Amino acid sequence: MTDFDAILFDLDSTLCVSDQDEEALVAEAFDRVSVEQYCTLDDIAAAVDGIPTAETPHEFYEFCFDATARNAGVEDAHASELATAYEACLDHSAVSFRPGAKAALEAASGTNVGLVTNGDEATQTVKLEALGITDVFDTHVFVDPRGGVPPKPDPTPFEHALSELDVKAENTIHVGDSLRADVAGANAFGIDSVWVPYEERVTNPTPEPTYTLPSLAEFPTIL
């Protein structure tokens, strides 16, 4: 079917999207802590690339609020409290397939299929179960900094996936929505990258993906 020995997929904003209003979740977190809102979802997204590697989801959200507070000139970020409040608002089972995701997974069947996600095992397993695709993958690689698996673009998650599938990088392709995490990580490891931007629109993406698709529905055309 394909010249690739393995196909790796990212999860969040690649195969699935949240059914919750994420902007409303941020506002709700501030309401719960009784703090005047100093950042939006866009502010958090813009700050993510500059935060340290977090060891837990709570720490990740805390770093995000800390970073946006600094950018907004806010001295008392209440970052830990906001992180706790934000986590309490999240329903990880409230996810649905991104358009074309089912077709992409069906097209990948028949070869080795792996999940390489920047989420932790507990959180991402809930999403996989909600979508009914836990058994679609021959290997699952979750972020676990304490266990020696830092997030993409670090090469370690890709190395784990290739080792478990017993395939070579040059015969593998990785599908993701993030230039920074998915494309940069795959490119650096010698894996062909498929960029399927979710909301990001870049005329000349850097780093440059091997393939750029407007929709996962078009993924079968490159196999």
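The values are calculated or read from the model by the stated rules, or taken from the named source; none is laboratory data. Values in this document were obtained by computation on a predicted structure and should not be read as measured data. Please note: Cβ atoms are built from the backbone with ideal geometry, for glycine as well, and neighbour counts cover all protein chains shown.
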### Summary
Checked pairs for the range 30-51, first farther than 14 Å from Cys89 by Cβ, second part of a helix (DSSP H, G or I) and of a type in the set (Lys, Arg), C-beta under 9 Å and 6 or more apart or across chains, list as Ala47/Arg70; Val48/Arg180; Asp49/Arg180
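Would you check which residues across the range 91-126 are part of a loop (DSSP other than H, G, I, E, B) and either at pLDDT below 95 or buried (at least 17 other Cβ atoms within 10 Å of the Cβ) (or both) and list them? Can you show your working first?
Initial filter on the range 91-126 (part of a loop (DSSP other than H, G, I, E, B)): 91-94, 98-100, 110, 117-120.
Once the filter is applied, which keeps residues that are part of a loop (DSSP other than H, G, I, E, B) and either at pLDDT below 95 or buried (at least 17 other Cβ atoms within 10 Å of the Cβ) (or both), the range 91-126 yields His92, Arg98, Gly100, Gly110, Thr117, Asn118, Gly119, Asp120.
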### Query
Give me the pairs: first residue in the range 14-25 and touching a residue at least 24 places away in the same chain (Cβ under 8 Å), second residue part of a loop (DSSP other than H, G, I, E, B) and of a type in the set (Val, Ile, Thr), beta-carbon distance under 7 Å, and six or more apart or on different chains, which are they?
Thr14/Val196
### Query
Are there any pairs, at least 6 apart or on different chains, whose C-beta atoms fall under 7 Å, with the first in the range 79-93 and more than 11 Å from His58 (Cβ to Cβ) and the second among the hydroxyl-bearing types (Ser, Thr, Tyr) and buried (at least 16 other Cβ atoms within 10 Å of the Cβ), and if so, which?
His92/Thr123
### Task
Assess whether Val175 counts as being β-branched (Val, Ile, Thr), surrounded by 21 or more Cβ atoms within 10 Å (Cβ to Cβ) and part of a strand (DSSP E or B).
yes
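Suppose the filter is exposed (fewer than 15 other Cβ atoms within 10 Å of the Cβ) and touching a residue at least 12 places away in the same chain (Cβ under 8 Å); does Lys168 pass it? Give the derivation first.
Values: exposed (fewer than 15 other Cβ atoms within 10 Å of the Cβ): yes; touching a residue at least 12 places away in the same chain (Cβ under 8 Å): yes.
So Lys168 passes the test.
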## Note on the structure
Considering the range 181-208, residues that are assigned to a loop (DSSP other than H, G, I, E, B) and crowded, with 23+ Cβ neighbours inside 10 Å, and then whichever is farthest from the chain's Cα centre (by Cα), we arrive at Ile191
### From Leu162, Leu216, residue being more than 15 Å from Asp12 (Cβ to Cβ) and surrounded by 15 or more Cβ atoms within 10 Å (Cβ to Cβ)
Leu162
### Task
Take Phe189 and decide whether it is in contact with a strand residue (DSSP E or B) (Cβ under 8 Å, 6 or more places away or on another chain), of a type outside the set (D, E, K, R) and either assigned by TED's automatic domain parsing to the domain that holds Asp12 or over 23 Å from Thr53 (Cβ atoms) (or both).
no
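Here's the yes/no breakdown for (1) in a helix (DSSP H, G or I); (2) of a type in the set (D, E, K, R); (3) out of contact with any strand residue (DSSP E or B) (no Cβ under 9 Å at 6 or more places or on another chain):
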residue	(1), (2), (3)
Leu8	no, no, no
Ala24	yes, no, yes
Ala29	yes, no, yes
Arg32	yes, yes, yes
Asp43	yes, yes, yes
Val48	yes, no, yes
Glu59	yes, yes, yes
Glu62	yes, yes, yes
Ala67	yes, no, yes
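Test Thr68 against the criterion of being surrounded by 21 or more Cβ atoms within 10 Å (Cβ to Cβ) and modelled with pLDDT of 95 or more, and give yes or no.
Values: surrounded by 21 or more Cβ atoms within 10 Å (Cβ to Cβ): yes; modelled with pLDDT of 95 or more: yes.
So Thr68 fits the description; yes.
Conditions (1) aliphatic (A, V, I, L, M); (2) more than 21 Å from Asp120 (Cβ to Cβ); (3) modelled with pLDDT of 95 or more, marked per residue:
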{"site": "Gly147", "(1), (2), (3)": "no, no, no"}
{"site": "Asp154", "(1), (2), (3)": "no, no, yes"}
{"site": "Pro157", "(1), (2), (3)": "no, no, yes"}
{"site": "Ala169", "(1), (2), (3)": "yes, yes, yes"}
{"site": "Arg180", "(1), (2), (3)": "no, no, no"}
